[in-house]
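For reference, the structure discussed in these notes is given below.
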Amino acid sequence: MVSQIVEVKNASGLHARPANVFVKEALSHKGCKITFKKEGEDRVFQARSMVSVLQAVVKCGTRIEIFAEGEDEEAALQAMVEAVASGLGE
């Protein structure tokens, strides 16, 4: 398992559109389990579930730790971190 912390920079956080991009990126890494949690909190959310991502209520400036475990976990983690850092299409 690998993990990395990244800050969400979208002005409105992980609302519907960027959350959709986040989930699609996680789904593209089929052999890898991808989860995340907000920094300083214990609850873990499933990156492949739109409901789970929206329940996290991630706002602008929130730092999240993304975890990847399985096939090509390093590549999956890097892709997820890059997607968040680039603004998830916004």
Quickly work out the VAL2-to-LYS30 label distance, labels modelled 7 Å from Cα along the C-beta direction, and quote it in nm with one decimal.
2.1 nm
Once you compute Rg and the Kirkwood Rh from C-alpha atoms, what is the Rg to Rh ratio for the chain?
0.91
Got a number for carbon plus sulfur as a percent of the chain's accessible area, 1.4 Å probe?
49 percent
Once MET1, MET80 are ranked on solvent-accessible area with the largest value leading and a 1.4 Å probe, the list reads MET1, MET80
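Given a 1.4 angstrom probe, what's the average accessible area per residue across the chain, in square angstrom? Please report the intermediate quantities before stating the final value.
Values: 4860 Å² over 90 residues.
I get 54 Å² per residue for the chain.
The values are calculated or read from the model by the stated rules, or taken from the named source; none is laboratory data. These numbers were taken from a predicted model, which means no experiment stands behind them. Note that we place each Cβ from the backbone using ideal geometry, even for glycine, and neighbour counts take in every protein chain shown. Side chains are part of the model used for accessible areas, which takes the heavy atoms of the whole protein and leaves out ligands, DNA and RNA. Shrake-Rupley method; radii C 1.70, N 1.55, O 1.52, S 1.80 Å.
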